[in-house]
Each structure stands twice: as structure tokens, then as C-alpha cells.
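One structure below.
Laboratory data are not the source of any read-out in this text; all were calculated from the coordinates shown. None of these values were measured; they are calculated from a predicted model. All Cβ positions, glycine included, derive from the backbone under ideal geometry; neighbour counts span all protein chains shown.
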Amino acid sequence: MSKSTKRHPAETYQLRDVRRLWHVPGPTQAPFGCEGCHQRELCGGLQVETSIFSCLTFCRCANPAECDNVCPKNIRHLVARSQEVGGFELDNVPRTPLLAEPALPSFAPLIYHGSARTERLQVAAVALPLAELISRTDGTLRFTSRAALLAHFQLHDDCQLILSGTDEDPTIERWWEVADREAVIRGFMALGIVAITSPNYSLFADVPRHDNFYNIKRIALAWSEIQREGLPAALHVNARTNRDWERWGDFIATRPEVTMIAFEFGTGAGAKGRIDWHVDQLKLLAQRAQRKLTLVVRGGSTVLPELAQAYRQVVYLDTVPFVKTQKRQRATISEPAAKLTWQSSPTAIGASLDALLIANINAAADYIGRQLRAVPAERQKTVVNRSVKPPLRAERTDYADHEALQPGLLGEPGLRQGGAAAVDGERVVIAAEAQLSIQVGQVDEQLVKPKSSAGVNIQQT
């Protein structure tokens, strides 16, 4: 079962301003209902602007038994999910070998497919969506050989291949349901995948904290599972509160096998009033580790100068060149501001996009390289206008660079997911966000999904 909730708007009340649910750092009084909570040490207590009694205020279903959020008001579901992941503490996450890090470049474009191109793309490294390597029907590996994989994506054999586990929530839920993930991971290695970012299970701000605990644990378990099979993995760190960041800090500090971490600014983390907090926490995380780490980031190109100083290396996995090429737009860098801009660049019907794609990759790599070498600018205080009410779920964040999100792995796109899936019983790798004025879940699938052709198994989402 997927993680889509069964709430009905007519039967619930709405918390409209998502920004008032963001964690407020500093000495703030926790909600009255947090006192005496048996999960207080794990949680740390919520600190939000909205007046709530406790995190259970966010359980607003007419029938909690029909909602699959991990919540004490559905005790059977809560117990099952806790047992599934061995409790919500991170201490019992299986240890992994200390794997040698691959030598990654500072920039790699994310390639969705090889359609509309006739030549093999030859760059130092590319990122591929985890979704595109998995069969939708049974969760098995789609490609039986590296040659088949390279032919599908039109890639030169010299390319390093990195898998990006950042995706929409339905896709990530489907990964959790794959029957034999260990076999699939070994298949990735046989295909020559050199590194992967672990799935980024969501930590929503409008759900009971137990749902967050479950997804934090799943992130850690998924990372451990991948790395135990011998594939170097970047641990994706999602956090809702300072306490969540502290828990990740403790986990990483005591586990030298964590050499790479991943983060993405494509959703709420990139919003005004929020992005600086995440950047500060990422910098603290690097300090607490007391060793050099690799950071894998998607989006937030404006904060790269700060992150590059905190971590050993930055490798930017960039969706922008591919999506812009599909939209027949060409990149230019305006001087002296060194800003990346895009202009319409129509092509003849049926014309190959090879030249446009490589031009856009080169321009984007130049821009990101400049950002990584830039001196961090002094921050300006962000004033959030709360008189303008945003939708219940933020559609796009300010510093996400408007990434075109990856198609779903095995499920329907656009569904609100991120909690439980039903069961029985100092280096930075960055993935850029595409600079498109679009909303989450509203990307034209034809931009990233070619039509099925003979001999090629095109997965529909």
C-alpha cells in the first residue's frame, strides 16, 4: 500500500500557513502537551508559531484508523511501523563497512533518458534517477548489462554513473516495497554505479512527530542497507527540528563509515526564512563529525559558497541542463554578475538535441564552478510577509532553482506521501534544481519521458 492519506477536506480543518509550522530556533516554550510526553527526549519538543497543544494537533482525520500517518491515534499502525523499523532510535541501525569513496567531479548533470539524441554524451560523470533503473511492475532491475544502460541513456562508456535517490514520495515508498532490494543494489554495482544518494523520506511539518521518527529511521536503514552491499552511499539528512539535526549529528559522529551525506533544497528547505536555518545546521553537522565529509545537495545554488567552505568537496548533480534542453532553451552566463540565464532556442522538427544539451551542460558547470569558488556573501535578514496566505502544502521554494522533480519510481506522481508503507505484521555532492517556473507535480511528463520504442522498456509513472 502506498502512503497516500485518506483524509477528506470536508471532514478536517486546514492549517493554511505552512510557514507557521516551521521550527523556531532558540529558547521558546514548547507546547503544553509536550510536557510529560514519553517521546520528549527523542523529539525535543516542537517550537512553532502556531498555537497547538501537542503534535497530536496535527492528527485531524475524521477516522484515524483510515489514515496511514504514523500516529498514536491509530495505535495498531503505530506499533506495526515501530516494529517494522526496530523502534525509532538510531542506535540499532546496522553498521556498515568503511567503503572507499569514489573520486567524483564537482559537477554532474542528471540525465532522464536518451530520447531526441543521436550521439553518446561524453562527460566526466552523470547522475541518473533511481526510478529509471527499476521496473515498475515488479521492482526488479530494468537493465541486464551496462551496455544496455548506456544505450538507453545515450551515454559514453567513460561516464561515471551516480544514482540520485531524491524523488517524489510515492516513488520512494515503492523503493521501500521492493521485495529484494539487496539483489537490486548488487545489480547497480554490476552496472558500474559508483555512488548513490539514499532515499529521502519526507518529514512533513503538519503530521504527528511519530511519522517523522519513522521516516528518519527509514532513511538511516535504507542508507545502511545500500552501503552494506558495498555501494558507497550518501546518507540523506532530513530534519524538522534542531533535535532532529542533533540526532543526525550523533549518528554521523559515531559512525566513521558515513563519509558522504546528501541534502536537497527543492521543497520546503529552500524557502525564504527556512534556507538559512538548514545551511547553518549543515555546517554544524560537518563540525560535529570532526572529519571531512562529502555533501550531496540538490538545489540551493545561492548557498553553495557557504557549504563549500564547510565540506571537503562539492559535486553538483544538476537537472537543469537536461530539462532546459528538452524545452529548447539555451544557457548563457551574464557578466559581470555571472548569473545563469536561459533564452529560447528553437530547433527544427526532428533535429537532434545533442549540441544544445552539451552547450547547456558546459554553461551550467561553469556557473556552478564559480559558485563553489565564490566568497560567501553577507546574509540579509529575510522578512516573510505572513499576510499572504500560502497553500497548505508549499508548491515551490524560493531557492530551489525550480527543479523539475524526477518522475515517480513505481507509483503515481503528485500524491502526498512520506509516512508508512504497509507491510506484513568534507566533500559535497550537489544535485541542482532546474530553473523552471513550474509547480511540484506539474512537470510535463513528456519533457522527461520519451515515447516507448521497440526494444526499450519505457516505464510509465
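Observations
- Modelled FRET efficiency - R0 22 Å, Phe32 with Arg379, Cβ distances, 0.05 increments: 0.05
- In this entry, the range 234-326 is assigned a mean projected area of 6.1 nm², taken as a quarter of its C-alpha convex hull surface.
- Of Glu35, Glu132, Glu306, the sequence from fewest to most neighbouring Cβ atoms within 10 angstrom is Glu35, Glu306, Glu132.
- Phi-based couplings in Hz for the range 282-291 (Karplus 6.51, -1.76, 1.60; Gly and Pro marked x): 5, 5, 5, 4, 5, 5, 5, 5, 6, 7
- Relative to the current alpha-carbon distance between Thr254 and Ala338, full extension at 0.36 nm per residue lengthens the span by 26.2 nm.
- For the range 113-212, the C-alpha radius of gyration sits at 1.20 times the compact-globule guess of 2.2 N^0.38 Å, with N the residue count.
- Using the Cβ-Cβ distance between Gln122 and Gln309 with R0 set to 22 Å, the FRET efficiency from 1/(1 + (r/R0)^6) comes to roughly 0.10.
- Dipole in debye (nearest 20) - the range 205-263, about Cα centre, beta carbon charges: Lys, Arg +1; Asp, Glu -1: 100
- From most to least packed by mean Cβ count within 10 Å, the peptides 99-110, 46-57 give 99-110, 46-57.
- Estimated inter-spin distance, Leu284 and Arg328, nm [label 7 Å along Cα→Cβ]: 5.0
- For the pair the range 307-370 and the range 237-290, the centres of their Cα atoms are 27 angstrom apart.
- Amide hydrogen proximity for Gln160: with H placed 1.01 Å from N in the peptide plane, the residues at 5 or more positions away or on another chain lying under 5 Å are Ala125, Val126.
- The range 218-303: trypsin sites (Lys or Arg not before Pro) falling in loop per DSSP and having at most 15 other Cβ within 10 Å: Lys272, Arg291, Lys292
- The range 146-225 versus the range 96-122: alpha-carbon centroid distance in Å: 15
- Other residues lying with their Cβ under 12 Å from the Cβ of Asp250 contribute a combined charge of 0, Lys and Arg counting +1, Asp and Glu -1.
- Note on the range 17-176: Cα-Cα pairs beyond 22 Å make up 65% of the total pair count.
- Efficiency of FRET between Glu41 and Arg95 - r from beta-carbon atoms, R0 22 angstrom, step 0.05: 0.40
- Size descriptors for the range 79-151: radius of gyration and Dmax over Cα atoms are 18.2, 53 Å.
- Residues Glu378, Glu41, Glu119, sorted so that the one with the fewest Cβ neighbours within 10 Å comes first: Glu378, Glu41, Glu119
- Three-way shape call for the range 210-282 based on the alpha-carbon gyration tensor, with the a/c threshold at 1.5: prolate
- Between Leu121 and Leu155, His156, the built amide H atoms are under 5 Å apart, and every one of these is 5 or more places off in sequence or on another chain.
- Average silhouette area of the range 131-186, convex hull of alpha-carbon atoms, in square nanometres: 4.2
- Extension gain for the segment Gln83 to Ala147, taken as residue separation times 0.36 nm less the Cα-Cα distance, is 18.9 nm to one decimal.
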